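Peer 1: Supplied in structure tokens, the structure appears directly below.
All of the numbers you see were taken from the coordinates with simple rules; none came from a lab. Note that this is a predicted model, so its numbers are computed, not measured. Every residue, glycine among them, receives a Cβ derived from its backbone with ideal geometry; neighbour counts consider all protein chains shown.
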Amino acid sequence: MKKITSALVALGLGVALSTSVQATSNSDEAVAERIKAVGSVCIEGDDSCGGAAAVAAPVAARSGEKVYATKCAACHDAGVAGAPKFGTSEWADRGAKGIDALLASAINGLNAMPPRGLCADCSDDELKGAIQHMMDSAQ
Ligand code: HEC
């Protein structure tokens, strides 16, 4: 709870700061908005202050295609440093290892393949989706 509260205070601070930078109006409302307390406490589950949206919204998993395009394509599109190339039989060969073994190498790294393909915020499932997307591309 403490962590959530400070995250919200930080959020509030960000909002307050950006408000004061952008505000140019001197109406009572605008002034009140500018001089209000920095940060406010929002109780988890109270959606009147945006608490539920800010706290409870689960981060939606990205599709394998999206993770591939944004995180893996840098190497796997062109086959950088021996990376198995998208859309080629190289993925059929790798696919023979099975998705679980491929996922394990993606998580831990393998030779020039960096751990998690440099995607520190990819979940295991997102990595798996990206691998499946590459395996599906095999010709
Ligand atoms: C910096 C370049 C680079 C990036 C970025 C990268 N890879 Fe790789 N990847 C490689 C290289 C190089 C290999 C070949 C490693 C080897 O077999 O020696 C490889 C191999 C793999 C393999 C095959 C592993 C095996 O056991 O045969 C998988 C699966 C894989 N990458 C998944 C991913 C995923 C998923 C991403 C994106 C999240 C990603 N890679 C991003 C360079 C990269």
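Peer 1: What's the FRET efficiency of I99 with E44 using the Cβ-Cβ distance as r and R₀ = 41 Å, to the nearest 0.05?
Peer 2: Efficiency, from the Cβ-Cβ distance: 0.65.
Peer 1: Among S137, S27, S63, which comes first, second and so on when ranked by fewest other beta-carbon atoms within 10 Å?
Peer 2: S27, S63, S137
Peer 1: To continue, here is another question. 5 Å is the cut-off here: which amide hydrogens, built 1.01 Å from N in the peptide plane, fall below it relative to M113, excluding neighbours closer than 5 in sequence?
Peer 2: none
Peer 1: On full extension of the chain, what length is gained from S27 through E65, given 0.36 nm per residue of separation minus the C-alpha to C-alpha distance?
Peer 2: Stretched out fully, the S27 to E65 stretch lengthens by 8.8 nm.
Peer 1: Next question. Assuming 0.36 nm per residue, please report the length gained on full extension of the stretch D125 to A74 beyond their Cα-Cα distance.
Peer 2: Extending this stretch completely gives an extra 16.4 nm.
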